[in-house]
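Remarks on the structure that follows.
The values are calculated or read from the model by the stated rules, or taken from the named source; none is laboratory data. Worth saying up front: this structure is predicted, and the values here are computed from it rather than measured. Positions of Cβ are generated from backbone atoms using ideal geometry, with glycine treated the same way; all protein chains shown enter the neighbour counts. Side chains included, ligands, DNA and RNA excluded: accessible areas come from the protein's heavy atoms. Shrake-Rupley method; radii C 1.70, N 1.55, O 1.52, S 1.80 Å.
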Amino acid sequence: MAKILVVTSGKGGVGKTTTSAAIGTGLALRGHKTVIVDFDVGLRNLDLIMGCERRVVYDFVNVVNGEANLQQALIKDKKIEGLYVLAASQTRDKEALTKEGVEKVLMELKESFEYIVCDSPAGIETGAHLAMYFADEAIVVTNPEVSSVRDSDRMLGLLASKSRRAERNEDPIKEHLLLTRYNPERVSKGEMLGVEDVKEILAVTLLGVIPESQAVLKASNQGVPVILDDQSDAGQAYSDAVDRLLGKDREHRFLDVQKKGFFERLFGGN
Ligand SMILES: Nc1ncnc2c1ncn2[C@@H]1O[C@H](COP(=O)(O)OP(=O)(O)O)[C@@H](O)[C@H]1O
Ligand SMILES: [Mg+2]
């Protein structure tokens, strides 16, 4: 049965697109045919992170408007088998997506994909609402800061009340918390909330903790999802998160301040 997975948050800039690219790629790597859909009409970021921006001819809005079919608009990843991107439109107005249009496209995608990963725009406006409305599961991306946690809490409320599952009295959307840009050093100094603090406030199962990492910027500059950088902390943390999403037990890593090695302590400045 195909699953619609929304990657959402209240706040912008928390790591939703980074996460959509990483999780979608991870699912495809594990043999699940996956499409990542960019709902951020007007911004169009996902194709850059996925490194396929030059191959966008038709986009999500074109398909909704019947100007192109899915076959024409789906971009097949060059490296990873079973991975596709449906890009957002760069130029159209924010109201270009309608509930009926989105439903039609998602239902058609469900016929040929196992996972449909919806990269949500920020906020709680139309685009974000449409991205989560048809979801079966949600990854709520949160940074360890009070404002981000507060916005995620609002989003959890919307997932539970304003989705199609809620309106139809079906089983609720399965919610996962993904803490990103986690910096153990700043947590230990009391400058950021710790994992336990956030878990206590939001009371949602923890899918993973992604450390603040240089590897993310490097990957996005290269147009390669960070999960493919398997030497990096963030890549490994995303990999664990995908395994957990698929029901595997994986211990959380990168939660504590890294102890410096012997030589680093001797020669490594502070
Ligand atoms: N784990 C991380 N470590 C460092 N920088 C990150 C991390 N996750 C995201 N970023 C950076 O944060 C910014 C926003 O990320 P993005 O995924 O575009 O967020 P959103 O889609 O929620 O707006 C980008 O510059 C991205 O490179
Ligand atoms: Mg984004």
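Select, from S220, S213, S232, the only residue that is of a type outside the set (F, W, Y), within 12 Å of ligand 1 (Cβ to nearest atom) and over 14 Å from T18 (Cα atoms). First the steps, then the outcome.
Working: S220 fails: over 14 Å from T18 (Cα atoms); S213 fails: over 14 Å from T18 (Cα atoms).
Just one listed residue meets the conditions, S232.
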Members of segment 37-49 found to be away from ligand 1 (no atom under 12 Å from the Cβ) and among the aliphatic types (A, V, I, L, M), listed by number = V37, V41
key: The lone exception for K3 - which of (1) within 18 Å of the chain's Cα centre (by Cα); (2) open to solvent by less than 40 Å² (accessible area, probe 1.4 Å) it fails   = (2)
Which numbered condition T142 misses (of (1) within 16 Å of ligand 1 (Cβ to nearest atom); (2) under 25 Å from E67 (Cα atoms)) = (2)
remark   = Scanning segment 75-115 residue by residue, the ones that are under 23 Å from I49 (Cα atoms) and open to solvent by 90 Å² or more (accessible area, probe 1.4 Å) total 7
key: Enumeration of residues in segment 112-147 that are over 16 Å from H176 (Cβ atoms) and in a helix (DSSP H, G or I)   = S112, T126, G127, A128, H129, L130, Y133, V146, S147
ask   = Taking only pairs six or more apart or across chains, which ones have beta-carbon atoms under 7 Å, a first residue in segment 46-61 that is over 23 Å from L130 (Cα atoms), and a second residue that is of a type in the set (A, V, I, L, M) and at pLDDT 95 or above?
value = G51/V224; C52/I75; C52/V85; R55/I75
note = For segment 31-66 the number of residues that are polar (S, T, N, Q) and open to solvent by less than 60 Å² (accessible area, probe 1.4 Å) is 2
